[in-house]
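First the structure, in the form of structure tokens, and then the observations on it.
Read the figures in this text as sums done on the coordinates, not as results from a lab. Everything numeric in this text was worked out from a predicted model, so none of it was measured. No Cβ is skipped: glycine too gets one built from the backbone with ideal geometry, and neighbour counts run over all protein chains shown.
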Amino acid sequence: MQIYNTLTRKKEPFKTIEENKVKMYICGPTVYDFFHIGNARSFVMADTIRKSLEFKGYDVKFVMNLTDIDDKIINRANKEGISAKDVAEKYSKAFFEDTKKLKIKPATVHPKATEHIQEIIEFIKDLIDKGYAYNIDGDVYFDISKYKDYGKLSGKKIEELEAGARVEVNEKKKNPLDFALWKKAKPGEPYWESPWGIGRPGWHIECSAMSCKHLGETIDIHAGGSDLIFPHHENEIAQSEARTGKKFVNYWIHFGFLNIDNEKMSKSLGNFFTTREILTKYRAQELRFLYLQTHYASPLNFTIDALNASKKGLEKIEDLASFILDKINKNQNGDIVDFNFNYYYQQFELAIDDDFNFPKALAVVFEFVRDVNKLINENSNLDVSVYKEIYKLLQKTADGVLSIVSFEELENKSFHSLEDDLIKIIIEIRKEAKLNKNYALADKIRDELKKIGIILQDAKDGVIYKKEIR
């Protein structure tokens, strides 16, 4: 397996710290609003990477934090006239509801910043003791001049950043680039007791403290959106490595930006969509399918036309999935044919091994669907064991890793669906036409149904029908 590492700017062989175990951290949401479809892309990509690693047999400890104290949360609380805690709880609940709809597997741990205040304070105390941080009147800052590798993830030079820095309102900092580890409480804000007075943690320190607490001082993979490379992830590296003297993360994975109709998503442009809003009009599988068609690190252009195209593409897989479920339920013996299932497993795994190339993995699934449809059309009496192997492959790939098909949902669908009921009504009308010797109408009904893939067969016990795989 090869992974592109943002830190080294090249693909590298993936080697875990512990054999067959992966420690993975992703920056989760700041819970002050419903998350938008750009956030959703990052969450879906991280979820698919995790499922890919599990497909390959790794035991993955997956940590996604929730930032539940932040300036944005406080501002939203003031706007809505409720407490910051109530805002965080409201949108945390919404986050879990929406990620469940998106078929995102719950993290091994979903740590919250407010539940790790003591760990954060201990982290800051260590940085002060080692000379990497300083306290000025209750505000604690990280001194970037003391960490010599600052900028190694983003490629930014301290000198250039300093030259471009705006004049700070807060002139207490030694350097305008020094970032807050602890913020002195303002009147009316939530606060915690600390050695430096009442206050709350800065954003960057939260992730470092939670990652260290749940995954250890060095982890295998840290993922997040490209917009977090600087300053958030850069600051995480600086404070973590300054404290431990060890490498913080072995592989940095970053997800590309999402644009709407080739423009940056923005509320001011009127092209801002929350995931919750999109999921009222489209299924989660369709949104995931759209995301997976573009490599995770590349920019993605989101359009409604592309989402509609995803819907049509999914139908090909779901039609086959529904058909084989029906065949498995009938459990009929038949012909056992030679079909190379291993080829598709191998090709799917090769796509994953190539820096999680999900567009290529999708193409393998569609190649499989095409070849299986051909197999079924050429062999009308396949044994149930063949259908079970088809099910197994789709379940592991399209359902398990990519999560664009849900066999559970398909299995729960009533076999007496609206479509089936309508077909039965048409068959009854045809039966009446034949009884009335209106054979022209009876033939027309049979021929028209055939055009849309519904095959009628007259039998001794009545008319049976089947849906043709296309």
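Using the rule -39500 (n - 2.57) for each DSSP H run of four or more residues, divided by the residues of the chain, the 222 nm mean residue ellipticity is -14500 deg cm²/dmol. Taking only the alpha carbons of segment 317-369, we obtain Rg and Dmax values of 14.0, 42 Å in that order. Summing +1 for each Lys or Arg and -1 for each Asp or Glu among the other residues whose beta-carbon sits under 12 angstrom from that of N379 gives -2.
Annotation: peptides 262-268, 365-371, 7-13, 139-145, ranked by per-residue average of other Cβ atoms within 10 Å with the highest first, follow the order 139-145, 365-371, 7-13, 262-268. For segment 277-375, the convex hull drawn through the C-alpha positions has a volume of 112 cubic angstrom per residue. At q = 0.11, 0.16 Å⁻¹ the log10 of I(q)/I(0) for segment 375-444 amounts to -0.53, -0.81, computed by Debye summation with a single uniform scatterer per C-alpha, solvent ignored.
Distance from the Cα centroid of segment 377-392 to that of segment 251-306 is 37 Å (rounded to whole angstrom). Maximal additional length on extending the K130-E432 stretch stands at 99.7 nm, based on 0.36 nm per residue less the C-alpha distance. On the basis of the beta-carbon distance and an R0 of 60 Å, I198 and I336 show a calculated FRET efficiency of 0.25.
Based on Cα contacts under 8 Å between residues 6+ apart, segment 343-470 shows a relative contact order of 14 percent. Per the Cα gyration tensor, the chain maps to an equivalent ellipsoid with semi-axes of 54, 25, 18 Å, ordered largest to smallest. Scaled to the globular estimate 2.2 N^0.38 Å, the Cα spread of segment 13-70, given as radius of gyration, is 1.31. Given +1 at the Cβ of Lys and Arg, -1 at the Cβ of Asp and Glu and no other charges, the dipole of segment 379-465 around its Cα centre is 380 debye to the nearest 20. Scoring 99-108, 73-82, 20-29 by mean Cβ neighbours within 10 Å over their residues and listing the highest first yields 20-29, 99-108, 73-82.
Among beta bridges from DSSP that stay inside the chain, the antiparallel ones total about 50%.
D68 sits among other residues whose Cβ lies under 9 Å from its own Cβ, and their net charge, with Lys and Arg +1 and Asp and Glu -1, is -1.
Cross-link check: pairs K392/K466; K11/K61; K61/K247; K105/K184; K61/K130; K392/K460 evaluated at a Cα-Cα cut-off of 26 Å; pairs beyond the cut-off: K105/K184; K61/K130; K392/K460. The distance separating the Cα centre of segment 186-214 from that of segment 123-144 comes to 13 Å.
Diffusion coefficient (Stokes-Einstein, Kirkwood radius over C-alpha pairs, 25 °C, 0.890 mPa s) for segment 245-303: 182 µm²/s, rounded to a whole number.
Determine Rg/Rh for segment 108-230; Rg is computed over alpha-carbon atoms and Rh is the Kirkwood hydrodynamic estimate from the same atoms. Rounded to two decimals, Rg/Rh equals 0.96. Each Lys and Arg Cβ is given +1 and each Asp and Glu Cβ -1; about its Cα centre, the chain then shows a dipole of about 520 debye.
Per-peptide packing, taken as the mean over residues of other Cβ atoms within 10 Å, places 388-397, 419-428 in the sequence 388-397, 419-428 from highest down. Electrostatic tally near K125: other residues with Cβ closer than 13 Å to its Cβ, Lys and Arg +1, Asp and Glu -1, net -2. Beta-bridge orientation, segment 202-298: approximately 25 percent antiparallel, per DSSP, counting only bridges with both partners inside.
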